[in-house]
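Undergrad: First the structure, which I've put down as structure tokens, then a few questions once you've had a look.
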């Protein structure tokens, strides 16, 4: 929890409490369902919550923005972002029902009002979104054709609508054919923890 306060000191009392509760609820759920790697649950705040908030280093979503969290798993990056942006709506999608169950239960218990959930394939979605966020659920070139049709043509943010993708390692080869539409934020420049040495937040314009 200290890591969140270190980098985001301007949180409201409600946001601080919501982030604090994540540190209780996820370990409880992990005892029942392996939502997060058991060896990684002790690193929840850095490796999952703070990493999710790496999206904020790309874009400060304006109120009224709609965001799809593709392959949310247990709620990452969607739930931490929904806490950070209470006037932005996040739609969390995953094909694994038990993970959506965890995410929806966590959201309900911490009082999040700006989230919705869908258990199923992203190809079934009909609605439009300003942005898609995701944590390395598949190669980015495979994801883009799946989500481009879901992007709204109306822009309200400082960047054109598109995808913000969290990924570790060397991303240059993967992005070679997209480089004119992308920029890469090196999260090690924003967060000092060793976990972020190779972590990136990648923005792809999808208009």
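Undergrad: So how much slack lies between residue 126 and residue 87, counting 0.36 nm per residue of separation and subtracting their Cα-Cα distance, in nm?
TA: 11.8 nm
Undergrad: From the C-alpha gyration tensor of region 1-78, pull out the three semi-axes of the equivalent ellipsoid (sqrt of 5λ each), sorted largest to smallest, in whole Å.
TA: 22, 16, 12
Undergrad: Still on this structure, I have one more. Rank these for me by crowding, 67, 106, going from fewest to most other beta carbons within 10 Å.
TA: If I rank by nearby Cβ atoms, fewest first, I get 106, 67.
Undergrad: Further, regarding this structure: What ranking do 124-136, 73-85, 149-161, 38-50 get when scored by the average of other Cβ atoms within 10 Å per residue, highest first?
TA: 73-85, 124-136, 38-50, 149-161
Undergrad: Right, another one. Nearest 5 percent is fine: what portion of the DSSP beta bridges confined to region 2-205 is antiparallel?
TA: Of all bridge pairs located within region 2-205, approximately 40 percent are antiparallel.
Undergrad: Assuming 0.36 nm per residue, please report the length gained on full extension of the stretch residue 95 to residue 186 beyond their Cα-Cα distance.
TA: 29.8 nm
Undergrad: Still on this structure, I have one more. Report the Cα-based extents of region 67-161 along its three principal axes, largest first, to the nearest Å.
TA: On the principal axes, region 67-161 reaches 34, 27, 22 Å in Cα extent.
Undergrad: Still on this model: Quick check on the exposure proxy: order 122, 102 from fewest to most C-beta atoms within 10 angstrom.
TA: With the sparsest Cβ surroundings first, the list reads 122, 102.
Undergrad: For residue 17 and residue 158 in one chain, what is 0.36 nm times their gap in residues minus the Cα-Cα distance, to one decimal in nm?
TA: Stretched out fully, the residue 17 to residue 158 stretch lengthens by 47.8 nm.
Undergrad: What 222 nm value per residue comes from the helices of the chain, counting each DSSP H run with n ≥ 4 as -39,500 (n - 2.57) and dividing by all residues, nearest 500 deg cm²/dmol?
TA: The helix-only estimate for the chain comes to -7500 deg cm²/dmol at 222 nm.
Undergrad: Can you compute the equivalent ellipsoid semi-axes for the chain, i.e. the square root of 5 times each eigenvalue of the Cα gyration tensor, sorted largest first and rounded to whole Å?
TA: 24, 20, 17
Quick note: the coordinates plus some simple rules give every number you see, no bench work behind them. Only a predicted model underlies this, so the values are computations on that prediction, with no experimental measurement involved. No Cβ is skipped: glycine too gets one built from the backbone with ideal geometry, and neighbour counts run over all protein chains shown.
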